[in-house]
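Report on the structure given below.
The values are calculated or read from the model by the stated rules, or taken from the named source; none is laboratory data. Quantities reported herein were computed from a predicted structural model and do not represent experimental measurements. Glycine also receives a Cβ, built like all others from the backbone with ideal geometry; neighbour counts cover every protein chain displayed. Areas reflect the complete protein model, heavy atoms only, side chains present, ligands, DNA and RNA absent. Shrake-Rupley method; radii C 1.70, N 1.55, O 1.52, S 1.80 Å.
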Amino acid sequence: MRYRLQSTNIFAIAVLVAYSAVSVVASAVIALRPDMPFATVWVNTTVYLVGFGLPCMIMAILLKYRQGQPLKETFSIRPLPILSILICMVLGITLQTLSSLIAQISAQFFNNLTDASITSMTVLPLPLLVFAMAILPALFEEMLCRGVLFDGYKEGPAWYQIVLPACFFGFLHMNFQQISYALPMGIILALVVYYTRSIFASIIIHFIVNGTQVTISWLAERKGMFAGGVFGEDLLLTILGGTDSFTTNLIAAGIALVVTVLLLLALRKIHNVKGRGKRVPAPKWHKGGWIMYFALGYLFLNALVIEFLMPFMNELLNQFS
């Protein structure tokens, strides 16, 4: 693996193929067995284990035997000090608030698939819902984007190592409403891993963001308070006693943005990022870079197709319902 970025981008294409194939097969099995208990949990578990987890482990093992790189280096497995853990926990709350506002705005322009997906899964017990929608993504999406991809881009400039895996993470959601907040969130998750050198930082944040979302939606649905608002802001508004959900979210997001910046600066200082020295990119570090641009273009086109076809698919489903 002489050119790490090139081999990493080939790996990204392999993940897309595996992810797509497993998703199709798992969905077909569920279609044939609609009475299968907890079908969505089985689908998510299979997709994440086989589509994400297995390729990541194969890549990590190849790096170990070809370059002698330990698995903990590939996945940035390093302990976090208690203060950094606490900061990441607060970041999980502030990012949830920022994502809520972005999702609310983007839902005015793009089809909102997130709420429909989560609402349909609220029939599950809460522990299973958290497992399928929070624990699995936090582990395996981070293993892929802030693990293998992040490590594979370390021979390039720091900004490239942070932004490109974040773009892949964002477009991997394949619908514009989710991409709108997943992409900036991916940049912040990459920043915390870059600062702390530990994937546990992004896992903690990712889990809190997703876990908060699904828990609020589950409680809201069970209590009859969910009215189609994104990220459960209708429930949040009820709790806060407000009258304008957008104004409430805007104020909360403004405060959250300031807190987020301050917390990122705190992580940067705690882990002495300035003391590491300026990175010098390796010669020909960008060889094979076009492969990732091809992958991002493919994911963008998928999102475009989904956005275009969704109204027709909803209309078709309504005719048969």
Exercise for review: Mind telling me which of the residues L264, L316 ends up being at pLDDT below 85 and assigned to a helix (DSSP H, G or I)?
Suggested key: L316
Check your understanding: Which of the residues belonging to segment 256-270 are open to solvent by 40 Å² or more (accessible area, probe 1.4 Å) and closer than 11 Å to V192 by Cα?
Key -> L265, R268
Practice item. Using the structure shown, decide if F207 is modelled with pLDDT of 85 or more, of a type in the set (F, W, Y) and surrounded by 20 or more Cβ atoms within 10 Å (Cβ to Cβ). Key: yes
Practice item. Check whether at least one residue in segment 42-64 is at pLDDT below 90, among the hydroxyl-bearing types (S, T, Y) and either assigned to a helix (DSSP H, G or I) or surrounded by 15 or more Cβ atoms within 10 Å (Cβ to Cβ) (or both), and report yes or no. Key: no
Practice item. Hey, could you check segment 180-192 for residues that are open to solvent by less than 10 Å² (accessible area, probe 1.4 Å) and in contact with a Gly (Cβ under 9 Å, 6 or more places away or on another chain) and say which is farthest from L113 (Cα to Cα)? Key: G186
Review point. Is it fair to say S7 is open to solvent by less than 50 Å² (accessible area, probe 1.4 Å), in contact (Cβ under 8 Å) with a residue 60 or more places away in the chain and part of a loop (DSSP other than H, G, I, E, B)?
Key: no
Study note, to complete from the structure: Across segment 65-79, the tally of residues that are of a type in the set (A, V, I, L, M) and either open to solvent by 70 Å² or more (accessible area, probe 1.4 Å) or part of a loop (DSSP other than H, G, I, E, B) (or both) stands at 1
Exercise for review: Please specify each residue of segment 287-311 satisfying the condition of being at pLDDT 90 or above and open to solvent by less than 70 Å² (accessible area, probe 1.4 Å).
Suggested key: G288, G289, I291, M292, A295, L296, G297, L299, N302, A303
Practice item. Kindly indicate whether V22 is at pLDDT 85 or above, open to solvent by 30 Å² or more (accessible area, probe 1.4 Å), of a type in the set (V, I, T) and under 23 Å from the mean Cα position of the chain (by Cα). Key: no
Point to revise | Pairs with Cβ under 7 Å, 6+ apart, first in segment 254-267 and touching a residue at least 40 places away in the same chain (Cβ under 8 Å), second open to solvent by 50 Å² or more (accessible area, probe 1.4 Å) | key: L263/V90
Exercise for review: Scan segment 159-174 residue by residue and report those that are open to solvent by less than 30 Å² (accessible area, probe 1.4 Å) and of a type in the set (A, V, I, L, M).
Suggested key: I162, L164, A166, L172
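Residue by residue, here is whether (1) on the phi > 0 side of the Ramachandran plot; (2) in contact with a helix residue (DSSP H, G or I) (Cβ under 7 Å, 6 or more places away or on another chain); (3) not hydroxyl-bearing (S, T, Y) holds:
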site	(1), (2), (3)
V22	no, yes, yes
R33	no, no, yes
W42	no, no, yes
T45	no, yes, no
A60	no, yes, yes
Y65	no, no, no
K72	no, no, yes
Review point. Just checking, which of Q177, Q213 is within 30 Å of L309 (Cβ to Cβ), open to solvent by 10 Å² or more (accessible area, probe 1.4 Å) and either touching a residue at least 12 places away in the same chain (Cβ under 8 Å) or out of contact with any His (no Cβ under 8 Å at 6 or more places or on another chain) (or both)?
Key: Q213
**Study point:** Yes/no for E141 being at pLDDT 95 or above, among the acidic types (D, E) and open to solvent by 10 Å² or more (accessible area, probe 1.4 Å)
**Key:** yes
Study note, to complete from the structure: Taking first residues from segment 82-100 that are assigned to a helix (DSSP H, G or I) and second residues anywhere that are among the acidic types (D, E), the pairs with Cβ under 7 Å that are 6 or more apart or on different chains are S100/E233
Point to revise | Scan of segment 194-203 for residues that are β-branched (V, I, T) and closer than 15 Å to I270 by Cβ, ordered by number | key: T196
